[in-house]
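Since the structure comes first, as structure tokens, the remarks are kept for the end.
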Amino acid sequence: MERIPEFIGNHLFLVSLFAALLVMLLWNLFGAGLTGVQEIEPADATLLINREGGRVVDVRAADEYAAGHILNALNLPLAELESRRGELDKYKDKPVIAVCGNGPMSGRAARQLRGAGFARAVALRGGIAAWQGAHLPLTRSQKI
């Protein structure tokens with residue numbers, strides 16, 4: 001038993017690194033439950049869109065949205081979400097799927113929407129990158 005504290009004392013950096021990695025792994029596995037935001041996979045998002053009339057809200061900047069987005073997604077950049085939230089009012093009882101480039105901004109958007117009464121707001125895990133990784137189509141905005 002005396003060897004464990006000695007090992008920790010001699011390898012403090014490795015033990016600290018292990019603890020940090022463990023915390024990050026646990027946060028990744030259970031973080032959505034702690035923050036109150038449900039994350040869904042691209043396949044589940046397509047089911048919500050097609051079967052339940054879910055609305056996709058792309059919270060990226062307009063130029064990123066124009067370069068490629070999910071068909072019929074509404075572009076509400078995260079900075080404008082609060083002021084333009086009224087555009088989503090008719091979807092309060094439907095699934096609202098927040099999407100960003102890689103996932104973190106969509107979680108913030110879904111949390112903000114839930115706080116505003118959108119009980120079925122969720123975030124697309126991995127964002128547009130995950131959508132493309134699942135070989136699902138994107139569309140581009142036409143330039144005028």
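The values are calculated or read from the model by the stated rules, or taken from the named source; none is laboratory data. Every value quoted in this text rests on a predicted model; they were computed, and no experiment measured them. Ideal geometry is used to build each Cβ from the backbone, glycine not excepted, and the neighbour counts take in all protein chains shown.
Report yes if residue 66 is surrounded by 10 or more Cβ atoms within 10 Å (Cβ to Cβ), touching a residue at least 12 places away in the same chain (Cβ under 8 Å), out of contact with any helix residue (DSSP H, G or I) (no Cβ under 7 Å at 6 or more places or on another chain) and assigned to a helix (DSSP H, G or I), otherwise no.
Details: surrounded by 10 or more Cβ atoms within 10 Å (Cβ to Cβ): yes; touching a residue at least 12 places away in the same chain (Cβ under 8 Å): yes; out of contact with any helix residue (DSSP H, G or I) (no Cβ under 7 Å at 6 or more places or on another chain): yes; assigned to a helix (DSSP H, G or I): yes.
Answer is yes for this residue.
Can you give me the number of residues within region 71-105 that are out of contact with any helix residue (DSSP H, G or I) (no Cβ under 6 Å at 6 or more places or on another chain) and touching a residue at least 60 places away in the same chain (Cβ under 8 Å)?
Of the residues in that region, 1 qualify.
If residue 115 satisfies every condition in (1) modelled with pLDDT of 95 or more; (2) out of contact with any helix residue (DSSP H, G or I) (no Cβ under 9 Å at 6 or more places or on another chain) but one, which is the exception?
Of everything listed in (1) modelled with pLDDT of 95 or more; (2) out of contact with any helix residue (DSSP H, G or I) (no Cβ under 9 Å at 6 or more places or on another chain), residue 115 misses just condition (1).
Which members of region 49-73 meet the condition of being more than 13 Å from residue 136 (Cβ to Cβ) and within 15 Å of the chain's Cα centre (by Cα)?
Matches in region 49-73: 55, 57, 58, 59, 60.
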